[in-house]
1. Does the stretch 150-179 hold any residues that are within 18 Å of V234 (Cα to Cα) and in a helix (DSSP H, G or I), and which are they?
2. Would you pick out the residues in the stretch 74-100 that are closer than 20 Å to A131 by Cβ, hydrophobic (A, V, I, L, M, F, W, C) and surrounded by 20 or more Cβ atoms within 10 Å (Cβ to Cβ)?
3. Just a yes or no: is a residue in the stretch 144-166 aliphatic (A, V, I, L, M), buried (at least 17 other Cβ atoms within 10 Å of the Cβ) and under 20 Å from S24 (Cα atoms)?
4. Which residue, of S107, S173, is of a type in the set (S, T, Y), modelled with pLDDT of 95 or more and buried (at least 17 other Cβ atoms within 10 Å of the Cβ)?
5. When you scan the stretch 129-143, do you find a residue that is basic (K, R), crowded, with 19+ Cβ neighbours inside 10 Å, at pLDDT 95 or above and farther than 24 Å from G230 by Cα, even just one?
6. How many residues does the stretch 26-66 hold that are more than 11 Å from the chain's Cα centre (by Cα), in a loop (DSSP other than H, G, I, E, B) and closer than 29 Å to E81 by Cα?
7. Residues in the stretch 10-29: is at least one loosely packed, with under 15 Cβ neighbours inside 10 Å and closer than 19 Å to R134 by Cβ?
8. Between a first residue in the stretch 14-36 that is among the β-branched types (V, I, T) and a second residue that is surrounded by 15 or more Cβ atoms within 10 Å (Cβ to Cβ) and not in a helix (DSSP H, G or I), which pairs have beta carbons less than 6 Å apart while being 6 or more apart in sequence or on different chains?
Amino acid sequence: MLSTMLYTRGAYAAQNPTYHTEDSAFKWRNFEAALRAAGVALDDVGTVAEIGCGAAQILACAQTSGALPRATFRGWDINPEAIERARGLSPELALTCGDLLESSDCSDLVLCADVFEHVEDPFRFLRRLKARGRLFVFNIPLELSLLTLLRGEAALRASYEQVGHLHFYTQASALRLLSVCGYEVVTTRFARNRTGRVGQGRPTLRRTLATLPQAVIERVSPAAAAALLGDSLVVVAR
């Protein structure tokens with residue numbers, strides 16, 4: 001299938017040579033905060049798997065954070081170049097070039113960061129994923145916003161061409177998808193992709209101007225900020 005070929009024949013690596021490793025620590029901090037808000041007993045988590053792990057740096061951050069002291073960690077990705085990069089960055093991680101859904105693994109905690117918007121049938125993917133874990137953390141891009149609608153079809157086409165997104169979500173549609181696929185949502189939080197990174201990287205005028213409206217609206221309503229300008233949603237579910 002075309003969506004699979006993007007990841008197994010080098011096209012994704014050519015478009016995204018860093019595999020978004022620069023975002024990994026930020027995403028893990030959001031995941032850990034969501035898990036703690038959900039009241040998860042992190043000391044009791046024995047096994048952690050990440051599906052579509054890419055360069056596996058979210059998993060590496062989870063391992064080195066100390067938040068999951070008893071856990072063993074394994075990353076899965078169908079992209080051989082991603083796994084090769086992950087092994088170079090984190091040789092201590094257990095990594096499998098393959099599809100977690102085709103395995104018999106069942107982990108205490110499954111991380112699924114920015115994955116199901118890439119697959120042709122997210123309903124089938126999510127229903128099959130549910131058998132591979134007991135608790136799940138999702139990071140879901142909320143790309144359907146007023147800003148996207150104003151920018152027109154070109155904005156969604158760029159997301160498809162640059163990172164392979166086939167599906168686009170709002171907060172409501174993402175949560176409905178999880179519910180239809182049998183997941184019980186425990187807690188959610190907005191990632192605050194723009195404002196949560198203040199202080200990271202070199203500040204620029206363009207970045208400041210892009211961040212300011214979202215910061216102002218988020219002080220009143222993070223949900224409204226996401227609906228107007230976009231964000232990501234972190235979901236803990238079982």
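The values are calculated or read from the model by the stated rules, or taken from the named source; none is laboratory data. None of these values were measured; they are calculated from a predicted model. FYI the Cβ positions are ideal-geometry reconstructions off the backbone, even for glycines, and counts take in every protein chain you see.
1. Residues of the stretch 150-179 within 18 Å of V234 (Cα to Cα): 165, 167-179.
Of everything in the stretch 150-179, those that are within 18 Å of V234 (Cα to Cα) and in a helix (DSSP H, G or I) turn out to be Q171, A172, S173, A174, L175, R176, L177, L178, S179.
2. As a first pass, look at the stretch 74-100 and keep what is closer than 20 Å to A131 by Cβ: 74-78, 96, 98-100.
If we keep only those that are hydrophobic (A, V, I, L, M, F, W, C) too, we end up with 76, 78, 100.
Residues satisfying the conditions are W76, L100.
3. no
4. On the way: S173 fails: buried (at least 17 other Cβ atoms within 10 Å of the Cβ).
Exactly one residue qualifies, and that residue is S107.
5. Quick first cut of the stretch 129-143, residues basic (K, R) only: 130, 132, 134.
Remaining after also requiring crowded, with 19+ Cβ neighbours inside 10 Å: 132.
Those left that are additionally at pLDDT 95 or above: 132.
Going one step further and asking which of them are farther than 24 Å from G230 by Cα, we end up with 132.
Yes, the stretch 129-143 contains a residue that is basic (K, R), crowded, with 19+ Cβ neighbours inside 10 Å, at pLDDT 95 or above and farther than 24 Å from G230 by Cα.
6. Residues that pass the stated criteria total 4.
7. no
8. Correct list of pairs: T21/A55.
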